[in-house]
Amino acid sequence: MTNKERILYAATRLLAQKGYKEASMADLAGFIGVAQGTIFYHFNNKETLFLSVLKHFQKKIEKAFLDYENTNKFSDGLDSLLQKIRFLFHIAGTMGDEFLLLHRHDAYEIAEESRECRRSLERIYSSLVSFLEQAIKIGQADGSIDPMQSRNTALTIFTLVDGFIRFNTYGIYETGVLYEDFIDSARRIVRNPEQPCIKDVK
Amino acid sequence: MKSSAGIFGGAYCNIGEVVAILLRKGDFRLLTDMDIIETVAHEHHSPINRLEKVFSSDRSEFNRFIHERRFYIAQIKQVLARHLSENESLLIKGFGSQLIPRKVTHNLKVCLIAEPKHRVAKLQRSKNLSEDEAIGWIQRSDEECVEWIRSLHQTNDPWDPALYDIVAQADQLPSAKVADLIIENLTRSAAQPTESSVSAVNDFLLAAKIEMLMLGSGHDVQVTAESGAVEIILNRRVLMRDRLIAEIEDRLEKMPAIKSYRVVSEFSSSDSGRTSWISEPSLPDHVGR
């Protein structure tokens, strides 16, 4: 791992867990055990670092989605959507710090002033929603997903997924217990009522 | 039940040789990690490629929302505990041997280790590697052991004598002598099944079954049992704790094998408002100072 990668990794953790306002560059330097100058060599200031963390997250999920699309086969669009929801939960588990950062208010506050931050957030959310939307389109074409569902179905499903992840992130309830019920509910929301009910395979 | 031995250790520390001698000299049944995994896959229809990764330090492929890795470990424990409860002398070789509780005193815990120099030279000879390649390989292999032991026993030393009944230096003791030492210790009274060690196996089996059912239904818990009395430990604090405990108790009430149970949390109700993600941030070893 290069110094720059270490800084990004540690900054993601620190910013997610302490928040943008609370986490200082001095904290970060102490956290990784490098001089502050080393951090400033790679990132001009805290906002630049924060934006780099968001961009890095965006690249990570785009790569994860691409790898997922290239290595998985689905029986139809509905199956694809439900498997993708499972995959979103999986990556939310492995990228806990990044999703916590998305669930904090900081990024949205910075986005009010910073066009770059706004664009980064927009790209992250677009990636997350498009990932589901592709499956919904396939499902509407093959008849497994309700053709009457609007283009906003992907957004609706994503808000549910995001809420579920937030439930887990903040330790509100044991989401593992609700996991299969969630998948089943998503299936019932989108499935084509004209099609026979075939439960998704885990 | 009969006395058994769990054999763990470093790569290139003659474990294969010692096991082969033991199998020739005694009436043992060998149980490797792969044997256990294949049984789990067969009985529970769990994917073998996922089970194989359970012992690896790379946990990124497992779904944390459903505690997937720990669910597979509970399945492995259940199969292991069932084997222990049968009337066979087992030789349990590998990572799985570490899952057997210390209270099962008729299971002899054995560790084989050697000086790194000896192991590197042995690997170089067998695989025709350069010294640097061999050192790297041994280090990576040891790191897997460190991670596994750390996850189970809260120590960073996989060869810590406190974890074993016998720690044999493979570079100082020939394999035949190590095998003799194991057989000699297995015949001693301390390694014979007692009422208490038999009860420990039954508790291990009961706890594994319940842990498997609880994790399978999404509950993030650890389960222990003592003379049939079950303790469910919540691994994570949640805000809606009372609701969660009520749901767990509902499930436990429906399990007839349980004599009594207790649901405990490491976090008292007074601190339930403080969720774990707020704790002081720390970095994993590969990123740390």
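Let's see how each residue does on (1) over 24 Å from residue A:115 (Cα atoms); (2) open to solvent by 50 Å² or more (accessible area, probe 1.4 Å); (3) at pLDDT 90 or above; (4) facing another protein chain (nearest Cβ under 10 Å):
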| position | (1), (2), (3), (4) |
| --- | --- |
| A:3 | yes, yes, no, no |
| A:16 | no, no, yes, yes |
| A:24 | no, no, no, no |
| A:33 | yes, no, no, yes |
| A:39 | no, no, no, no |
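Conditions (1) surrounded by 13 or more Cβ atoms within 10 Å (Cβ to Cβ); (2) part of a helix (DSSP H, G or I); (3) touching a Pro at 6+ places or on another chain (Cβ under 8 Å); (4) at pLDDT 95 or above, marked per residue:
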| site | (1), (2), (3), (4) |
| --- | --- |
| B:151 | yes, yes, no, no |
| B:158 | yes, no, no, yes |
| B:167 | yes, no, yes, yes |
| B:182 | yes, yes, no, yes |
| B:185 | yes, yes, no, yes |
| B:197 | yes, yes, no, yes |
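Among residues belonging to the range B:24-33 that are in contact (Cβ under 8 Å) with a residue 40 or more places away in the chain and part of a helix (DSSP H, G or I), point out the one that is surrounded by the fewest Cβ atoms within 10 Å (Cβ to Cβ). Spell out how you get there, then give the answer.
Taking the range B:24-33 as the starting set, the residues that turn out to be in contact (Cβ under 8 Å) with a residue 40 or more places away in the chain are B:25-33.
Keeping just the survivors that are part of a helix (DSSP H, G or I) gives B:25, B:33.
On the way: B:25: 13, B:33: 18.
Here the residue is B:25.
Between B:257, B:246, B:225, which is surrounded by fewer than 18 Cβ atoms within 10 Å (Cβ to Cβ), modelled with pLDDT of 90 or more and either within 9 Å of chain A (Cβ to nearest Cβ) or over 24 Å from residue B:63 (Cα atoms) (or both)?
On the way: B:257 fails: modelled with pLDDT of 90 or more; B:225 fails: surrounded by fewer than 18 Cβ atoms within 10 Å (Cβ to Cβ).
Answer to the check: B:246.
Is there a residue in the range A:138-151 that is within 14 Å of the chain's Cα centre (by Cα) and either away from every other protein chain (no Cβ under 13 Å) or under 22 Å from residue A:68 (Cβ atoms) (or both)? Full working, then the answer.
Going through the range A:138-151, the residues within 14 Å of the chain's Cα centre (by Cα) turn out to be none.
No, there is no match, as no residue in the range A:138-151 is within 14 Å of the chain's Cα centre (by Cα) and either away from every other protein chain (no Cβ under 13 Å) or under 22 Å from residue A:68 (Cβ atoms) (or both).
Among all residue pairs at least 6 apart or on different chains, which show Cβ distances below 7 Å where the first residue, located in the range A:85-99, is within 7 Å of chain B (Cβ to nearest Cβ) and open to solvent by 20 Å² or more (accessible area, probe 1.4 Å) and the second is small (Gly, Ala, Ser) and outside any helix (DSSP H, G or I)?
Close Cβ pairs (under 7 Å, with a partner that is small (Gly, Ala, Ser) and outside any helix (DSSP H, G or I)) amount to A:94/B:60.
Name the residue, out of B:92, B:21, B:7, that is touching a residue at least 12 places away in the same chain (Cβ under 8 Å), in contact with a helix residue (DSSP H, G or I) (Cβ under 8 Å, 6 or more places away or on another chain) and in a helix (DSSP H, G or I).
On the way: B:92 fails: in a helix (DSSP H, G or I); B:7 fails: in a helix (DSSP H, G or I).
Within the list B:92, B:21, B:7, the selection yields B:21.
Quick one: which residue in A:55, A:60 is under 19 Å from residue A:111 (Cβ atoms), open to solvent by 60 Å² or more (accessible area, probe 1.4 Å), in a helix (DSSP H, G or I) and at pLDDT 90 or above? Even if it seems obvious, please write down each step before you answer.
Working: A:60 fails: under 19 Å from residue A:111 (Cβ atoms).
From the options A:55, A:60, the qualifying one is A:55.
Restricting the search to the range A:90-107, which residues are under 20 Å from residue A:122 (Cα atoms) and in a helix (DSSP H, G or I)?
Step one: of the range A:90-107, the residues under 20 Å from residue A:122 (Cα atoms) are A:91-92, A:95-107.
Hits for the range A:90-107 are A:91, A:92, A:96, A:97, A:98, A:99, A:100, A:101, A:102, A:103, A:106, A:107.
Among (1) under 30 Å from residue A:94 (Cβ atoms); (2) surrounded by fewer than 16 Cβ atoms within 10 Å (Cβ to Cβ); (3) at pLDDT below 95, there is one condition residue B:38 misses while meeting the rest; what is its number?
Among (1) under 30 Å from residue A:94 (Cβ atoms); (2) surrounded by fewer than 16 Cβ atoms within 10 Å (Cβ to Cβ); (3) at pLDDT below 95, residue B:38 violates only (3).
Considering (1) under 16 Å from residue B:104 (Cβ atoms); (2) in contact with a strand residue (DSSP E or B) (Cβ under 6 Å, 6 or more places away or on another chain); (3) β-branched (Val, Ile, Thr), say which one residue B:198 fails and leave the rest.
(2)
In this structure, does residue A:171 turn out to be closer than 22 Å to residue B:243 by Cα, within 14 Å of chain B (Cβ to nearest Cβ) and part of a helix (DSSP H, G or I)?
Numbers: closer than 22 Å to residue B:243 by Cα: yes; within 14 Å of chain B (Cβ to nearest Cβ): yes; part of a helix (DSSP H, G or I): no.
So residue A:171 does not fit the description; no.
Which of (1) part of a helix (DSSP H, G or I); (2) open to solvent by less than 20 Å² (accessible area, probe 1.4 Å); (3) at pLDDT below 95 does residue A:82 not meet, given it meets every other one?
(3) is the only condition that residue A:82 fails.
Before we move on, is residue B:80 in a strand (DSSP E or B), under 17 Å from residue B:108 (Cβ atoms) and away from chain A (no Cβ under 13 Å)? Outline the logic, then answer.
On the way: in a strand (DSSP E or B): no; under 17 Å from residue B:108 (Cβ atoms): yes; away from chain A (no Cβ under 13 Å): yes.
No; evaluated as a whole, the condition is false for this residue.
List the number of the failed condition for residue A:135; all other conditions in (1) within 29 Å of residue A:55 (Cα to Cα); (2) open to solvent by 10 Å² or more (accessible area, probe 1.4 Å); (3) touching a strand residue (DSSP E or B) at 6+ places or on another chain (Cβ under 9 Å) hold.
All conditions pass for residue A:135, except number (2).
The values are calculated or read from the model by the stated rules, or taken from the named source; none is laboratory data. In this text the structure is predicted, and so the values were computed from the model without any measurement. With ideal geometry, Cβ positions are generated from the backbone for all residues, glycine too; neighbour counts draw on all protein chains shown. Note: areas computed on protein heavy atoms with side chains; ligands, DNA, RNA excluded. Shrake-Rupley method; radii C 1.70, N 1.55, O 1.52, S 1.80 Å.
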